[in-house]
1. If you take the charge dipole of the chain about its Cα centre, with +1 on Lys and Arg Cβ and -1 on Asp and Glu Cβ, which of H306, V336, V125 is farthest toward its positive end?
2. Using 0.36 nm times the number of residues separating R29 and A295, minus their current alpha carbon distance, what extension gain do you get?
3. Just the Cα atoms of the chain: what Rg and Dmax do they give in Å?
4. Calculate for the chain the 222 nm mean residue ellipticity that helices alone would give, adding -39,500 (n - 2.57) per DSSP H run of length 4 or more and normalising by residue count, nearest 500 deg cm²/dmol.
5. Here are some pairs, K90/K113; K184/K225; K105/K257; K105/K177; K5/K334; K90/K225; which of them have Cα atoms lying more than 23 Å apart in this structure?
6. Report, to the nearest whole %, how much of the accessible area of the stretch 64-140 belongs to carbon and sulfur atoms, 1.4 Å probe, protein only.
7. Let's see if you can work this out: charge +1 on each Lys and Arg Cβ, -1 on each Asp and Glu Cβ, no other charges. What is the dipole magnitude of the stretch 235-345 about its Cα centre, in debye to the nearest 20?
8. I'd like the distance between the alpha-carbon centres of the stretch 71-126 and the stretch 255-274, rounded to an integer number of Å.
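The values are calculated or read from the model by the stated rules, or taken from the named source; none is laboratory data. None of these values were measured; they are calculated from a predicted model. Virtual Cβ from ideal backbone geometry, glycine too; neighbours counted across all protein chains shown. Protein only, heavy atoms only, side chains kept; ligands, DNA and RNA dropped before computing areas. Shrake-Rupley method; radii C 1.70, N 1.55, O 1.52, S 1.80 Å.
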Amino acid sequence: MSSSKLFIQTLRGEQTDRVPFWFMRQAGRYLPEYMALRKEAGSFLDLCYNPDFATEVTLQPIRRFNMDAAILFSDILVIPHALGQDLAFKVGEGPVLTPVDNLEKLEALTTDKLHDHLNPVYQTVSNLSKTLPENVALIGFAGAPWTVATYMVNGRGSKDQAETRLMAYQDRETFSKLIDLLVKSTSEYLIKQVDHGAEALQIFDSWSGTLPADEFITWCVEPMKKIVDNIRAVHPDVPIIGFPKGAGAKIKNYIKKTRVDAVSIDTSTSTSWVQNVIQPLCPVQGNLDPLLLVAGGKPLEKAVYHILEHLKDGSHVFNLGHGIIPQTPPENVKMVSDIILNYRR
């Protein structure tokens with residue numbers, strides 16, 4: 001399907017005069033208007049599940065910085081929550097879940113109320129599809145099965161995902177069932193987002209970098225391929241972006257096996273390597289260091305131009321190598337936005 005939106009054109013491999021941009025976690029704690037609305041909502045989950053609030057939060061950075069795409073405001077852990085796993089976001093701790101670390105706990109989860117639980121998210125997508133500026137694309141998203149599973153098994157985030165990796169090694173049958181459940185529920189969730197107006201999808205595999213090569217294929221690549229196939233069976237034209245953070249050189253095989261339309265690249269990945277190896281395979285998105293967005297000044301300006309110049313000959317969406325962090329000054333985001341809006345290939 002054709003589109004006049006710069007972001008969608010780029011994901012389809014079309015060469016555009018200007019580089020489109022958006023930032024991961026562009027709606028969030030670095031914006032005072034976000035903090036005011038979160039205080040009014042009462043809790044992070046209340047913010048996610050209130051369509052009016054979630055719509056407003058998604059629109060806030062678009063108003064300030066004129067990004068080419070808006071990403072649905074939600075969280076990757078709404079899927080385990082919808083499956084029946086207890087979830088809370090605690091101040092100073094982040095997400096806390098009741099661990100699903102054996103077959104009995106896994107079998108207590110169910111997809112019976114998946115869409116009833118997630119209906120507020122679908123309503124947010126529908127609201128956004130009607131209220132976004134006509135040149136701004138709407139991105140739906142979900143967490144990849146491996147990354148979501150790391151939170152479900154451990155009950156919280158961790159530095160090395162050791163508990164989940166051990167379960168995958170020691171109780172492969174149970175862990176495979178968990179991944180299969182996440183493939184099914186995530187596929188349905190993303191399809192519903194497109195049904196309600198999402199124009200592109202991003203799937204975040206934030207912890208893929210902790211896996212060795214063979215396990216990366218088993219728990220990241222193969223589940224992602226199934227999700228991509230499931231979505232395309234219903235929505236063959238929607239662009240799908242994969243983000244296997246920390247995958248490094250494994251990204252090349254990831255693209256070929258999963259058949260994603262584009263990949264997001266993290267800060268550790270060389271733009272020269274991306275230019276020579278990845279851009280010939282598919283459009284890329286990335287990869288400014290979020291800490292440079294905090295630092296500002298000449299180092300930030302130099303890095304922005306470096307990325308733009310290195311990736312200008314292929315399809316490129318300017319973004320960060322991971323999400324905006326809370327201490328980011330909004331004026332630095334404005335500076336980067338202005339550079340990109342005025343840059344021409």
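1. Ranked along the dipole, the leading option is H306.
2. In short, 94.1 nm is gained.
3. In order Rg, Dmax, the Cα atoms of the chain give 19.0, 57 Å.
4. -14500 deg cm²/dmol
5. Details: K90/K113 25 Å; K184/K225 12 Å; K105/K257 32 Å; K105/K177 12 Å; K5/K334 21 Å; K90/K225 34 Å.
Violating the 23 Å limit, Cα to Cα: K90/K113; K105/K257; K90/K225.
6. Details: 1580 of 3450 Å².
It is 46 percent, rounded to a whole number.
7. Values: 12 positive and 9 negative charges, 72 e Å.
The dipole of the stretch 235-345 has a size of about 340 debye.
8. 28 Å
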